[in-house]
Structures are given as C-alpha cells and as structure tokens.
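Visitor: Supplied in structure tokens, the structure appears directly below.
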Amino acid sequence: MRRRSLLIAVPAGLVTLAACGDEDDSGSSSADDSATPEASGTSAASPPKIVDGPLPAITAGTKFDEKPTVAKGGGDPSKDLAVKTVIAGGGKAVAENDFVVANYLGQIWDSAKVFDNSYDRKTRLVIQLAQGSIIDGWRYALTGKKTGSRVQFSVPPTWGYGKQGNEDAGIKATDTLVFVVDVQNTFNAKASAKGKEVPQDDAKLPEVGTNTDGNAPAIKVPEAEAPKKLVANYVIEGDGPEVGAQDSVLVQYKGVVWNGGKEFDSTYGRKQLTSFSLQQVVKGWAQGLTGKKVGSRVLIVIPPDLGYGDSPPQGSGIEKDSTLVFSVDILAKM
C-alpha cells in the first residue's frame, strides 16, 4: 500500500463513479499511512497573523524539488504563522480552494523530528487548499505563492492539529510544526487538458469538443449502435507521465448516456475538480485511464459490463444496462 502523507484527507468518491460489486481495502488508509497535513475537522480559528520568522535554517537540499534537511528550531517559535519564500517561482499564483501539487517535508520545531516527507515516497502530494481538507497553516501560507516556489513556514498548534495533536505522527498538542514545500503546480475549477489534438475520425464513436478554456466540452453521440467493448481514445494528448493502475488522479470530467446523450454528471457543472483512486471506480474508468498521459483529454465509452450493468446508482439518472460516455481531462496523478 502506498503510504499517504500526513496533510491530506482521503478524497470522497463520487456516487456516479464508485465501483459496485466486490470491494477491497486497497484504497483505504490506516494508522500507518495517516501522517499528512490532513485536516482533523473544520477549523473555527480566526486567520493568523503572518510574520517573517523565526524559521530554522535549511542546511542541505537547498535546490527546488530537492529533499531538504532542516535544522532544529532555535529558541521559542512564533505564536503567529511564520512564512518565508525561500525560492521565488514565476508560475501561476495559488488561490484558496485550488488543488496544489507539491513535494514537502514536515518536522517538529523542538526536536527536528521529521514526521513526514513526500520526497522519499517519490510521489508528490495533490491536495486542495480548502478548509476541512488540509490544516489551516497550509492554506494561509501557500495562498498567493507562485508555482516553482519553495516556501518554508512554521505552524503553531492553533493552525495545525490543535489541542488534540496527531498521535499517529508523534505530534503533541503543544508542537509547532515546520514545513518546506516545493509548489509544483496549481489547478482551479477552470483547469483543462493541454496538449496535441488527436483526429477523431471514427464516425461510429462520439465526438468530443477540444476547447481548453475550462468550460465543459460538447459530447456528440452518433446515431449508431453502442460499441460492445471499452473505448479509450485520446482527444487531446498531453505530454505528462502515464497513469498507472494503482494511481490516484485529479480530473475534470463530463458523463452522458449513449442513448439520447443526456448528461448525468459533470465536474464542470459543480465547479469542483475531483480526485480518486483508480482502484475505487468502475472498471471502465480504471481500464480506460491506465496508461494514458497526464495532461490529456480522453474519450471513454463504457459498456454495461464495465460500468453499472443492471445496478446503476440510485438517483443517478442512469438506466439499467446503459452504455456511458465520458470526456476526462487528466490534470495530475498522485
């Protein structure tokens, strides 16, 4: 099982993508994988005052995206949120409620004990900077920072894990935490695939729009018999890494039924990106996205035996034995 970071909450699966039939625990977390900036609940704390320091020195690994070594905190930490841009990037600015892609290290001020880092896992964190999804210190420290930046900050308990601490990570209620975060990318609700358009020359398959303005692409279903086998074709081919069968992904998507082309689900309509494990969705999604490149838009046509068959989710608007058609923009993988 891939160990999750301490900062993140396990994303909730969407009703219309949740796998039916046999379930396993491969996508679940345990005490051993709980070490992350995961929010322990919706914070009611008022916004912190942001100050320049003090912050302990970064003694090694000083380049962007290089695992840092951070000295033990000297003296008493600030009771405010101390934030320093160690390396200033020139990319997009991060906004609250964005999904951020980052590598990070977290340690305890007093002891310099590293309680979590993503560098050793070789898996970047993808997390939404939203209240209740991540500790407040991250939300306030990273909002306004640009991609390509290294940001160091210290988080007092009020904007960290509060009075309960985080026992699994060895974090006490009185501990101030020190983080170094390398901000790789940021995505908001208008995020879109970016890449090379691929010809859609099969008249028997749906045609998907190629707009990249963040609006939902049109899906035109032909007046033809639905395919009996899974279809997973590039509409826009990105140049990112391939998605593996064990990965989780951050996506925009739109789904319609083959018969009539009626939309039944869309992240565009909710104005909210979503993330999930490929082990927690219907087989057609898992098989269709495995091997596809990050940054791509993919047409997926899912026959009933790889979708919901005769047991569609209640209230989804999907009838029994429906063939489903999706446009999926793969924004990032975890």
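The values are calculated or read from the model by the stated rules, or taken from the named source; none is laboratory data. None of these values were measured; they are calculated from a predicted model. Positions of Cβ are generated from backbone atoms using ideal geometry, with glycine treated the same way; all protein chains shown enter the neighbour counts.
Visitor: Which ones in segment 116-134 are part of a strand (DSSP E or B) and either touching a His at 6+ places or on another chain (Cβ under 7 Å) or β-branched (Val, Ile, Thr) (or both)?
Guide: Selection gives Val126, Ile127, Ile134.
Visitor: Please verify whether Thr212 is touching a strand residue (DSSP E or B) at 6+ places or on another chain (Cβ under 9 Å) and either modelled with pLDDT of 95 or more or closer than 28 Å to Asp265 by Cβ (or both), treating the condition exactly as stated.
Guide: Yes, satisfied.
Visitor: Consider Lys204 carefully, then state whether it is out of contact with any Leu (no Cβ under 8 Å at 6 or more places or on another chain), in a loop (DSSP other than H, G, I, E, B) and in contact (Cβ under 8 Å) with a residue 12 or more places away in the chain.
Guide: yes
Visitor: Looking at segment 136-157, is at least one residue at pLDDT below 95 and surrounded by fewer than 20 Cβ atoms within 10 Å (Cβ to Cβ)?
Guide: Taking every residue of segment 136-157 in turn, none turns out to be at pLDDT below 95 and surrounded by fewer than 20 Cβ atoms within 10 Å (Cβ to Cβ).
Visitor: Output the number of residues of segment 214-229 satisfying the condition of being surrounded by fewer than 17 Cβ atoms within 10 Å (Cβ to Cβ) and more than 14 Å from Tyr253 (Cα to Cα).
Guide: Residues that pass the stated criteria total 8.
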